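Structure, as structure tokens:
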Amino acid sequence: MAGNHKKNQKKYKIKKMSRDELRRMQLIQLELLEEVDRICTKYHIAYSVEGGTLLGTVRHQGFIPWDDDVDIAMVRSQYRKFCRACEKELDREKYFFQTHDTDPNYRWGYAKVLKNGTSFVRYGQEHMKMKRGVYVEIFPMDGIPKNPVEKAIFNTIRVCCRKIMWSEVGKVSCKTAAMRLWFSILNKIPIYKVFDVLDFLAAKYDERKADYVTCLSFKDCWVKGEPGFKREYYLNTKRMLFEGKEICVPQKEKELLVTLYGKDYMSPPPLKDRETHIPTSDFQF
């Protein structure tokens, strides 16, 4: 296993994008975002852009200049509608709707819409067999239990599920032999069992009965001790301009941005921190 890690380091290197290459990728992501918005509008599906994409919409009226991804969120009931709509509506010659159901080698608990004919490989994931391409991510948001004990158990289960999902990466990419061994052991657990557990949590803590929601299979990023994200953010939305196109954001977008980034969210970070955050070893547009 130590040899696998060293071999990966020698064979693959992080490939840095030029400013022009980053912009080309952003424009492909914009095309994908427009397609998601088109389908959601046609089928009356509520969604909102999330995270850095929301911040870019408010602060830059488009992409944060150094941002390299697009995040979209929907409550679980709307996410299910979106999955069904993509089966009928998505142009399969241009795009691929990626979930663990459409791509057996895909290990994450949220969907992606990929642009066919492109490539984007995250550093450390070169050995994975899932379909690659420039993408946007769609996160399903599920209910959070109100009882503190239940919530602690809920979060522990979520963390375990995420570790098992990531074990396919960790068994090769972790720096220490001990951690690679640990993730190799976790990797023996069939991935379908993880999705069964996540489906159970989504059903038990139905977002339609919850005030706060979270993405079960993604690391929480809220601050200030909030219990999660308000469900209303993803249902009560409005249209704002993003790169000259209208997209959906929460009606209380400022409240969400303060939760995510603090009161100074309109102030760009120092120059040294203006870097893309997804290391890649290969990309082709």
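Throughout, read-outs are computed from the coordinates displayed, never taken from laboratory work. The model shown is predicted, which means the values in this text are computed figures rather than measured ones. Backbone-built Cβ (ideal geometry, glycine too); neighbour counts: all protein chains shown.
With unit charges on the beta carbons (Lys and Arg positive, Asp and Glu negative) and the dipole taken about the Cα centre of the chain, which residue among ILE144, HIS60, ILE164 sits farthest to the positive side?
So the residue we want is ILE164.
Can you run the Rg to Rh ratio on the range 144-285? Use alpha carbon positions and the Kirkwood inverse-distance Rh. List each step's numbers first, then the result.
Numbers: Rg = 18.7 Å, Rh = 18.4 Å.
With Rh from the inverse mean 1/r over Cα pairs, Rg/Rh is 1.02.
Which of the aspartates and glutamates could be linked to LYS252 by a straight reach, that is with a Cα gap under 17 Å, when you skip same-chain ones fewer than 8 residues away?
GLU50, ASP211, GLU226, GLU232, ASP264
Just the Kirkwood number for the chain, please: inverse of mean 1/r across all distinct Cα pairs, in Å, one decimal.
19.9 Å
Take each of the peptides 63-73, 101-111, 143-153, average the number of other beta-carbon atoms within 10 Å over its residues, and list them starting from the highest. Mind showing how you got there, number by number?
Details: 63-73: 21.3, 101-111: 17.5, 143-153: 14.1.
Answer by packing, highest mean first, reads 63-73, 101-111, 143-153.
For the chain, what is the mean residue ellipticity at 222 nm derived from helices alone (per DSSP H run of n ≥ 4: -39500 (n - 2.57); sum divided by total residues; nearest 500 deg cm²/dmol)? Walk me through the intermediate numbers first.
Values: 8 runs with 117 residues, N = 285.
Taking each H run of at least 4 residues, the total per residue is -13500 deg cm²/dmol.
Given C-alpha coordinates of the range 19-119, what is the ratio Rg to Rh with the Kirkwood estimate of Rh?
Details: Rg = 13.8 Å, Rh = 14.4 Å.
Radius of gyration over Kirkwood radius for the range 19-119 works out to 0.96.
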